[in-house]
Amino acid sequence: MKKLLVCFLTLCMVLTMLALLGVSASAATAVAEVTVGEEKFQYDTLAQAVTKAQQNEGTTLKLLCTVTVEESLEMGGTYTLDTNGYYVYTKSPLTFSTGVVTITNTTDKVNAGIATSNGVTQKSPVVMQGGSLKINGGRIVSNDTYAIQNLATGKIYLSGTPEIAGGIYAAYAGTVVGNDGAAENAVAYTGNTVRVYCGWTMTEETPVVVNATEGKFYIGNLNSSKYVTNLENGTLGVVKIAYGSWIVVGVLFAIAAVLLIVTIVKTAKYKARMKHYAILPILPYIGYVTDRQFMFLCAAAGVLLISIIVCIATLSKQKKKEAAAKAAKANAKKKPAVAAPVVEKTPVVEEAPVAEEAPVVEEAPVAEEAPVVEEAPVAEEAPVVEEAPVAEEAPVVEEAPVAEEAPVAEEAPVVEEAPVAEEAPVVEEAPVAEEAPVAEEAPGTIVNTMVEDSSGAEKLVIAETDATGNIVYSTYKKSFTARMIQAPADVQERYEILKNALLSYKKVNARVSWSYESFKSGRTQLAKFAIRGKTLCLFLALNPAELEESKYNIADVGSAKKYETVPCRLRLTSKRSVKWGLELIEMLAEKTELVKNPKFTAQKYLADYQSTEDLIAQNLIKKI
């Protein structure tokens with residue numbers, strides 16, 4: 001009986017220990033926790049936790065231990081990822097395609113965040129294909145490539161002191177922001193310097209980082225022989241180096257050297273009067289002068305100035321000595337060389353200041369006595385010009401507010417009452433009311449107007465009155481990017497569908513220029529997007545003549561040089577036109593032997609609306 005009791009108690013103890021071990025094991029397998037309201041949910045895999053966070057916007061996903069992700073994981077959504085002092089090690093990138101994800105670290109541990117696993121090369125831990133990221137804590141680390149690749153138009157907001165080890169690759173301009181994007185009391189980025197690599201052709205008009213703080217961002221792929229970085233009004237961009245500055249430096253040093261040599265030669269040989277002609281260099285347009293160039297310019301200018309002063313002083317002294325020698329020689333010729341004592345008394349030479357006594361020039365103060373010029377103050381008395389303030393009194397023009405009183409023309413609707421209006425072309429003569437837009441000049445208001453030029457392109461016209469009452473007109477031109485940002489949602493959706501259709505083929509690349517977005521396969525032009533007026537247009541490399549009898553409502557625009565390679569235009573104004581666009585793209589792919597990319601995934605290209613003032617500040621709308 002005792003043996004049975006001992007066996008029973010031993011079995012109970014073993015079962016109890018197994019139960020405890022099972023509880024601790026299950027607790028140990030939880031890698032992440034998602035907080036929804038007041039409830040907390042723990043998950044064994046990061047993928048499960050991300051799915052829960054994506055389903056509940058505004059939630060917080062907190063790491064409970066270090067996690068290794070074997071395959072690519074879609075992290076898009078609107079939630080907060082708290083690394084909580086741990087790392088997410090990736091063997092394939094974490095992709096973000098939608099929403100706004102905030103990455104933070106709420107602990108004091110410095111080593112926490114997202115990093116590429118050891119041994120994995122050429123893999124970025126974070127790849128953005130849409131959406132936006134707000135990073136205010138933790139680290140994002142890559143072994144030998146970019147820490148973050150932003151392949152879409154979504155933005156990366158950096159604030160606080162996160163660490164981006166490996167830099168950021170931005171495929172589109174102005175997608176890196178140096179604060180948290182808050183409208184008021186925005187928190188700026190204050191961490192270590194971040195390298196930003198541009199995925200577009202650098203120009204002076206394109207911003208690289210918006211709301212940047214000085215010294216916190218650096219352009220990684222900058223061609224230092226052509227450009228230097230420039231931070232102006234919080235926008236980090238590039239400025240071309242003026243090579244003409246070095247030419248000016250060389251010219252100044254060359255002129256200084258020539259002047260010094262000439263001075264030494266003239267002093268040594270005492271030649272006759274030197275005729276010196278200084279050819280002043282005409283400075284070319286100097287766009288941007290670096291500190292080093294400015295130092296050399298100052299040095300060259302200083303050497304040149306000293307050389308000129310030495311040259312002038314030396315030549316002036318030589319001229320005086322030569323003049324005295326000539327005068328002495330002239331006086332010696334006038335005296336007979338017979339009487340030697342005369343030579344002893346030759347103070348005559350000294351007395352021979354005949355040249356000095358020849359102040360006939362001085363006695364010729366006739367010019368001085370000719371103060372007739374002074375008496376001729378008739379010109380002064382001719383203040384008739386001053387009295388001619390008649391022009392000032394002629395504010396008759398100001399009194400001519402008759403134009404303002406001319407609203408009589410507005411009161412003259414009598415003409416409308418009188419059926420004689422047809423006979424009374426007086427209505428045509430009464431454009432006085434049109435000429436009386438003086439009322440527009442009055443308050444100094446600003447008027448914004450959208451107009452179209454001959455090509456159908458929109459232009460923004462701003463009219464304002466200055467302090468003197470004059471109207472000043474300024475015309476601005478929108479870029480393709482600005483037009484898409486301010487385009488309605490349906491236009492952006494059509495653009496997104498057709499752009500994904502074009503990019504779904506292998507080796508097809510897109511490039512955005514100022515006026516349009518073009519698509520190429522190698523060097524072959526395939527298509528272009530442009531906005532004409534308020535309509536999105538698709539231009540394809542198809543023969544319009546072959547589609548004349550088809551159902552597609554296309555137009556031939558090949559006569560314009562910029563569309564000669566893509567002459568077939570389709571106006572995208574409805575869902576049916578989008579369907580036609582997809583069919584024409586398939587026709588183009590068959591014609592050019594394009595092959596579908598089986599790994600292609602559709603991207604999001606919908607842009608957040610921005611005001612005209614913001615787009616002008618970003619140089620996406622520029623003054624003509």
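For the range 199-210, taking the residues that are among the hydrophobic types (A, V, I, L, M, F, W, C) and surrounded by fewer than 20 Cβ atoms within 10 Å (Cβ to Cβ), the one that is nearest to residue 481 (Cα to Cα) is identified as 200.
How many of the residues in the range 288-334 are closer than 30 Å to residue 229 by Cβ, at pLDDT below 80 and not hydrophobic (A, V, I, L, M, F, W, C)?
Counting residues in the range 288-334 that are closer than 30 Å to residue 229 by Cβ, at pLDDT below 80 and not hydrophobic (A, V, I, L, M, F, W, C) gives 5.
Would you say residue 476 is buried (at least 16 other Cβ atoms within 10 Å of the Cβ), over 20 Å from residue 575 (Cα atoms) and not assigned by TED's automatic domain parsing to the domain that holds residue 579? In short, yes. Screening residue 506 against (1) without any contact (Cβ under 8 Å) to a residue 24 or more places away in the chain; (2) over 26 Å from residue 544 (Cβ atoms) leaves a single unmet condition, (1). I'd like to know if the range 500-508 contains one or more residues that are of a type outside the set (A, V, I, L, M) and under 27 Å from the mean Cα position of the chain (by Cα). Scanning the range 500-508, I find no residue that is of a type outside the set (A, V, I, L, M) and under 27 Å from the mean Cα position of the chain (by Cα), so the answer is no.
Return the residue satisfying two criteria in turn: it lies in the range 211-250 and is of a type in the set (A, V, I, L, M, F, W, C), surrounded by 18 or more Cβ atoms within 10 Å (Cβ to Cβ) and at pLDDT 80 or above, and of such residues it is nearest to residue 157 (Cα to Cα). So the residue we want is 212. Tell me yes or no: at least one residue of the range 203-220 is among the acidic types (Asp, Glu) and within 20 Å of residue 511 (Cβ to Cβ). Scanning the range 203-220 turns up at least one residue that is among the acidic types (Asp, Glu) and within 20 Å of residue 511 (Cβ to Cβ).
Could we say that residue 169 is at pLDDT 95 or above, in a strand (DSSP E or B) and assigned by TED's automatic domain parsing to the domain that holds residue 110 here?
Yes.
Identification of strands (runs of 3 or more DSSP E) wholly contained in the range 38-95 with 1 or more residues that are out of contact with any strand residue (DSSP E or B) (no Cβ under 8 Å at 6 or more places or on another chain) and either modelled with pLDDT under 95 or charged (D, E, K, R) (or both) yields 39-43.
Which of the residues spanning the range 135-145 are in contact (Cβ under 8 Å) with a residue 40 or more places away in the chain and crowded, with 24+ Cβ neighbours inside 10 Å? Hit for the range 135-145 is 138, nothing else.
Considering only residues in the range 26-50 that are closer than 20 Å to residue 89 by Cβ and among the β-branched types (Val, Ile, Thr), the one that is surrounded by the most Cβ atoms within 10 Å (Cβ to Cβ) turns out to be 50.
If you go through the range 560-574 one residue at a time, do you hit one that is at pLDDT 90 or above, more than 35 Å from the chain's Cα centre (by Cα) and not acidic (Asp, Glu)? Within the range 560-574 (the criterion being at pLDDT 90 or above, more than 35 Å from the chain's Cα centre (by Cα) and not acidic (Asp, Glu)), the answer is no, since none of the residues qualifies.
The values are calculated or read from the model by the stated rules, or taken from the named source; none is laboratory data. Small disclaimer: the values here were computed from a predicted structure and weren't measured. Here Cβ is always computed from backbone atoms with ideal geometry, including for glycine, and neighbour counts include all displayed protein chains.
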